[in-house]
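The values are calculated or read from the model by the stated rules, or taken from the named source; none is laboratory data. Quick caveat, the model's predicted, so the values are computed rather than measured. We place every Cβ from the backbone using ideal geometry, glycine too, and count neighbours over all the protein chains shown. Just so you know, the surface numbers come from the protein's heavy atoms only, side chains and all, with ligands and any DNA or RNA stripped out. Shrake-Rupley method; radii C 1.70, N 1.55, O 1.52, S 1.80 Å.
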Amino acid sequence: MNRPAEAERGASLALAGGLLALIGAELAFHLTVAWNLAADYYDATDYLINARFLAGNGSWFEGVRPPLVSLLDLPFFVGGAAQAWRGPHVLATVISYAALAASFALLARSLGTVRALAATALLAFSRLFVHYAPFVMADLLGTAAVAAALALHLASRERGGTLARLGVAVLTTLAVAARHPLAVLGPFLVGFEVFESLRARRVTAALRAPGFWAATVLPIPVFVVGMVAIFRWRLGWDVEHGLRALADVVTSQADKSGITTRVTESRLEYLEALVVSFRWPVVVLMGVGTFRAMVRGSVADRANALWFVANLALYSLVISRRESRYLLPAIPSAVSLAAVALSALEARLTPRPLAGGWRPRGVAALGLGLWVAAAAPLVPGVITEVSAFRDPVYTDPFAQRVAERAGALLRPPGRLLVVGDKYAVHPRDYRFTDGDEYYYFHHVAPRWFHYWLGSQVTPVSAPASVPEDRWLRFPRLLEWAAPGDVLVVLEPDTYQTRVQPAHKRPLTVARVWAGKADRDSEGRCDAYRGARAAVELCPSAGGLEVRVHSAAPVEIYAPEGQTFVSRGWFAPTPAGSSGGRGWEGAVPGSLMLASYDSAVAECPPTRALTPVASLADGSWPGPGVCPILGAP
């Protein structure tokens, strides 16, 4: 009996069982997070709005987003549901672990079962995966489609078959429908087969198979036809209109991704992201594995190396707007390369089997030790990401609560007016890398209110000519807002980590009201007393003296013909003060007032509302400012 060989097999089985148990525990953790998650990314709101629209419940469709995530979430809105939250996030988590399963299938092509499982665990416990797994995003869905397509293509090279080619075509189409940049997958497969043909100095069987060309060329036309069909189904557009819309999507994506409009971001950003997510030892192994795969590796190794390098080149050289998550579809190939290097190191450090497969005791332990040593640096990152999900930004439904308050204030025919671009919320420690401004940032945008308040409420952006002056002080308010309108005051643009202020204004919702005060014909003081303000108009040597007592800033308008001419804003009367703010001068016989009632101001969960009398510029900060708690 070869007891050392049995011990080695036992160690392999124990390793596989332990890895499966760890991944199962991680899945349980992510499902819990998904069930209780309170924040998501800007993109997720679009996906959910589109899913609701495709289910026939919505009035807004964001055509720039690829459709697959929304199509998968569509069942949650069947039957007239206006919102869905837990279901889409649980589904997103399941899809993320399907990406792990697809990655295992790809890795097993060259590594064998146990080593492929170990490499899959490297992916599962990377910071990128631990962080993004529960969010309604397209990146891990695209990762699943790409990994499965590569694995099936490698299998079809060995066995051929129409069904395998059809599967590659379907998976490649799904990859494009998940993320538009994954349209490069089909051309990559053609390029890979050309490379293999040049390397072998003969045309590969794949290049001679019509099914291969159908699988690599048809996905993009099929995707286009599918999108045109969706546009016709839900928007009623004809083919020409649908094709023009798709052309606009391509133009918009090229601009936003920094292809046509270049953005100055570091070309080494993805190297930094890999180092932070996997640590230097694993990244070095990826580099060594890439070289070994190209020189001495199997066909599967070369496919993984070329796919990894192609993605690095695409996102580092062509696409100038970069986020760490964009690299996720290439991460399974990257960890396979680390595993190639580890396997080579293991083979060099351990003696070859003797006759009958006998190996000395301790060999299995040495091989296991190498894998454990490679994975050990990932542990602090896992702890960081797991701890991050305990931050209040992920457990306190702050933005949903503010949206519901805005809905409670809104009464027909009032409109929901949005001032500003977005409002950023983030955990206390919000830095992943210096280059990735978006990793921990979740933005409340106008479409967020559209989603939570239902399709009957469509936010209207305030005119660009009406910038925020100071807290709830907007010039000529009644020229662009009417009494009964509800204002949501966001921030001008805080999309990037590096511009986050130490003290930011609260997210504010307020309803506009207006009142009218007339001068008394007998020269006595007249007064207007509203719910939030009192105004006195008294005769004076200059014509008329105006005194304002208010708990909110008030703007005074002097009507001239049909145009309101703003005479200035009055800051709120200090608490406990009996005097008002005012001016003296010649004014018409009546005045219009504009202010706010039922104002609600709330800080994000990781910031605390701190009352202050005034800011450095002397302006009134409203109810206070929001300093970050425990800022990094």
Worksheet item: Would the stretch 294-307 turn up any residue that is surrounded by fewer than 17 Cβ atoms within 10 Å (Cβ to Cβ), in a helix (DSSP H, G or I) and under 27 Å from the mean Cα position of the chain (by Cα)?
Response: no
Fill in: Residues (surrounded by fewer than 17 Cβ atoms within 10 Å (Cβ to Cβ) and within 21 Å of residue 605 (Cβ to Cβ)) located in the stretch 406-420
407, 408
Practice prompt. Scan the stretch 52-68 and give yes if some residue there is surrounded by 23 or more Cβ atoms within 10 Å (Cβ to Cβ) and not in a helix (DSSP H, G or I), otherwise no.
Written response: yes
Item to complete: Residues being open to solvent by 60 Å² or more (accessible area, probe 1.4 Å) and at pLDDT below 90: count how many of those fall in the stretch 8-37.
Response: 3
Fill in: Residue within the stretch 111-118 that is modelled with pLDDT of 95 or more and not in a helix (DSSP H, G or I) present
no
Worksheet item: So, of the residues in the stretch 356-374 that are open to solvent by 40 Å² or more (accessible area, probe 1.4 Å) and within 14 Å of residue 342 (Cα to Cα), which turns out to be modelled with the highest pLDDT?
Response: 373
Worksheet item: If you go through the stretch 172-207 one residue at a time, how many are closer than 28 Å to residue 254 by Cα, out of contact with any Pro (no Cβ under 9 Å at 6 or more places or on another chain) and aliphatic (A, V, I, L, M)?
Response: 4
Discussion item. Quick check on residue 165: is it touching a Ser or Thr at 6+ places or on another chain (Cβ under 9 Å) and open to solvent by 10 Å² or more (accessible area, probe 1.4 Å)?
Written reply: yes
